[in-house]
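Novice: Here it is: the structure, laid out below.
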Amino acid sequence: METQTASKFHVLLVPFPGQGHVNPMMQFARRLVSKGLEATLVVSIFIAKSMKLGSSVGPVQLDVISDGYDDGGFPKTNSFDTYLERLKAAGSRTLADLIMKYEKTPNPIDCVIYEPFLPWALDVAKEFGLLGAAFFTQPCAVDYIYYNIQHKLLSLPISSTPVSIPGLPLLELRDLPSFVRLPDSYPANAEMLISQFCNADKADFVLINTFYKLEPEAVDTMSKVCPVLTIGPTVPSIYLDKRIEDDDDYGVDLFPLDASASSNWLSSKPERSVVYLSFGSFSGLSDNQMEELLWGLKRSNFYFLWVIRATEEAKLPKTFKENLGDKGLIVNWSCQVKLLTNKAVGCFLTHCGWNSTIEAMSLGVPMVAMPLWSDQPVNAKLVEDVWKVGIRVKVDEEKGIVPRDEIEFCIREIMEGEKGKEVKKNVEKWSELAIEAVSEGGTSDKNIDQFVSKLVKT
Ligand SMILES: O=c1ccn([C@@H]2O[C@H](COP(=O)(O)OP(=O)(O)O[C@H]3O[C@H](CO)[C@@H](O)[C@H](O)[C@H]3O)[C@@H](O)[C@H]2O)c(=O)[nH]1
């Protein structure tokens, strides 16, 4: 590909304003820059202000739109419904302003890559006659479930199980996205997820943060209904692609970092002796669940490093942190990909957000899967039964929580049991396949080249 021709193209990347959405888009933006494009990632004014972001991160430019809450983001509003309405109104208006701002420069926007949680971003792109590419931040299997609902191929509420969807394993109720299983529990979220395909037929490209060998049946099946290009994993390149070694993190943290504390603490621990725990940037545990988890960890008796966001920390018993000694470390936020590559980490107890899941697989870390909501139950099903890279905790349905003895059992299985040995072998195999996918000539690398060359020709 001729860099000179490609560099004329300027793509604007518009993620949902949350860490699990900004990260994969930022990494994809870096990759597009490495292929000769100019890339600008859009964050909300609130995020840019509160995190004191500059005008670029490495080779990727940053710019802003409004989510309607420039002085205080989503967590301060009570209703997600209202948040989405304001995000759509303010986001559409300010995205249009942004595109017009660039029209007056030597680098106008040619293509908007948008997360389908924000279908209005595609409408704005099309009003300006631009190319539009949907970028799914969840696995193909999950996206295809929403496609089936949007197109009324699967009707809600689910009337019988297991649910059979072409290209996917049979799914029991507990394996379905929470908004599909219980659409009335968070109606605004359910509506947002199902509506991802409401205008997707107008998108010129459909990009998914997965890789072909991970989900061949789902990708082949979904490809019959839309132009799918698998482009993942969007894990910082230094870990996967030896051609690009300039990034070892995503570069935009929406929470203050506590990175050196974690790496110093880990460096004093033996190989594969630590359980790393994180529930991502969004979900929280109930007080009861927190207590069960603490007991499960204590009983399993391994070292542990737990990311508990500042807003969640009050759920810990009062003197817990002080009494931890050297057995455990609690930090409010760290650089997860760096932690996952640390040799001291033996397993990852995760909520199975898609980024955490694909990061653990790419970096060869066995998982204890503890899904909470959204796409996480599907991801956990695939982790345990299809890719065989972890073990999934069983919920006590009566109490609605995972009890301490189950947590202890799963951690022990993965850290010291026969199951753990098998899982470690499997996850290392998937890590090699992830590297293969993004390296020169791999499926994701070829798809990105195809995407870029089509943009250039259009
Ligand atoms: O201390 C930490 C903890 C996490 N991370 C990063 O934060 C991201 C978290 O993403 P993810 O694991 O996907 O979790 P969520 O933040 O919960 O992501 C939301 O968005 C995802 C993509 O749509 C969905 O799969 C999830 O269910 C949804 O909750 C990952 O890249 C992690 O590497 C850090 O950098 N430091």
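Every number here is computed from the coordinates shown, using simple stated rules; none is lab data. What you see is a predicted model, and the numbers here were worked out from it, not measured in a lab. Methodologically, a virtual Cβ is constructed for each residue, glycine included, from the backbone with ideal geometry; neighbour enumeration extends over all protein chains shown.
Novice: If amide hydrogens are placed 1.01 Å from N in the peptide plane, which non-local residues have theirs closer than 5 Å to the one on GLU115?
Specialist: Those lying under 5 Å, H to H, from GLU115 are VAL14, PHE16, PHE135.
Novice: Per residue, what volume in Å³ does the convex hull of the Cα atoms of the chain enclose?
Specialist: 138 Å³
Novice: A follow-up question, please. Between ASP405 and THR458, what is the label-to-label distance in nm when each label sits 7 Å out along the Cα-to-Cβ direction?
Specialist: Going from the ASP405 label point to the THR458 one covers 5.8 nm.
Novice: Okay, next question. Can you tell me which of 382-393, 102-113 comes out highest on packing, and rank the rest after it, using the mean Cβ neighbours within 10 Å?
Specialist: 382-393, 102-113
Novice: At q = 0.14, 0.22 Å⁻¹, what is the log10 ratio I(q)/I(0) for segment 74-183, with the Debye formula run over Cα points and no solvent?
Specialist: Debye intensities relative to I(0), on a log10 scale: -0.75, -1.16.
Novice: Using 0.36 nm per residue, how much length does the chain from ASP220 to LYS8 gain when fully extended, once their Cα-Cα distance is taken away?
Specialist: Extending this stretch completely gives an extra 73.1 nm.
Novice: Work out the FRET efficiency for ASP201 and THR319 from their Cβ-Cβ distance, taking R0 = 51 Å, and round it to the nearest 0.05.
Specialist: Result of the calculation: an efficiency of 0.35.
Novice: Something else: Consider a paramagnetic label point 7 Å from the Cα of ARG299 along Cα→Cβ; state which residues of segment 385-404 have an amide N under 20 Å from it.
Specialist: What the label zone holds, given the 20 Å backbone N cut-off, is 391-404.
Novice: I've got another one for you. Angle between the Cα long axis of helix 443-457 and the longest principal axis of the chain, 0 to 90 degrees, nearest 10?
Specialist: Its long axis makes an angle of about 20 degrees.
Novice: Another question, if that's okay. Give the separation of the Cα centroids, segment 410-458 to segment 55-120, in Å.
Specialist: First find each Cα centre; the distance between them is then 31 Å.
Novice: Could you give each residue of segment 96-105 its phi-based ³J(HN,Hα) in whole Hz, using Karplus coefficients 6.51, -1.76, 1.60 with θ = phi - 60°, and x for Gly or Pro?
Specialist: 4, 4, 5, 4, 5, 4, 6, 4, 8, 10
Novice: A further question follows. If I take R0 = 45 Å and measure r between the Cβ atoms of ASP97 and GLU418 in this structure, what FRET efficiency does the formula 1/(1 + (r/R0)^6) give, to the nearest 0.05?
Specialist: Using R0 = 45 Å, I get an efficiency of 0.15.
Novice: For segment 294-385, what class follows from the C-alpha gyration tensor (a ≥ b ≥ c being the square roots of its eigenvalues): rounded when a/c is under 1.5, otherwise prolate if a/b is larger than b/c, else oblate?
Specialist: Prolate shape, in that a/c is at least 1.5 and a/b is the bigger ratio.
Novice: Something else: If the limit is 19 Å between Cα atoms, which of LYS298/LYS381; LYS126/LYS202; LYS101/LYS126 go over it?
Specialist: LYS298/LYS381, as the Cα separations exceed 19 Å there.
Novice: Sort TRP333, TRP373 by Cβ crowding within 10 Å, fewest neighbours at the top.
Specialist: Sorted ascending by nearby Cβ count, the order is TRP373, TRP333.
Novice: Something else now. How large is ³J(HN,Hα) for each residue in segment 186-191, as worked out from phi by the Karplus curve 6.51 cos²θ - 1.76 cosθ + 1.60 (θ = phi - 60°), to whole Hz, x for Gly and Pro?
Specialist: Ordered by residue, 3J(HN,Hα) equals 9, x, 5, 5, 4, 4 Hz.
Novice: Separate question: List every residue whose amide H lies under 5 Å from the amide H of LEU229, counting only residues 5 or more places away in sequence or on a different chain, with H placed 1.01 Å from N in the peptide plane.
Specialist: When sequence neighbours closer than 5 places are left aside, the close amide H contacts are VAL206, LEU207, ILE208.
Novice: Name the shape class, rounded, prolate or oblate, that the alpha-carbon gyration tensor gives for segment 349-445, where a ≥ b ≥ c are the square roots of its eigenvalues, rounded holds for a/c under 1.5, and otherwise prolate holds if a/b is larger than b/c and oblate otherwise.
Specialist: Oblate.
Novice: How much net charge surrounds ASP67 when only the other residues with a Cβ under 10 Å from the Cβ of ASP67 are counted, with Lys and Arg +1 and Asp and Glu -1?
Specialist: With Lys, Arg at +1 and Asp, Glu at -1, the neighbours total +1.
Novice: What whole-number distance in Å separates the alpha-carbon centres of segment 353-367 and segment 18-44?
Specialist: One Cα centre to the other: 20 Å.
Novice: Where does the chain land at 222 nm, in deg cm²/dmol rounded to the nearest 500, when only DSSP H runs of n ≥ 4 count, each adding -39500 (n - 2.57), divided by all residues?
Specialist: -12000 deg cm²/dmol
Novice: For LYS49 and PHE128, FRET efficiency with R0 = 35 Å and r from the beta-carbon atoms, rounded to 0.05?
Specialist: 0.85
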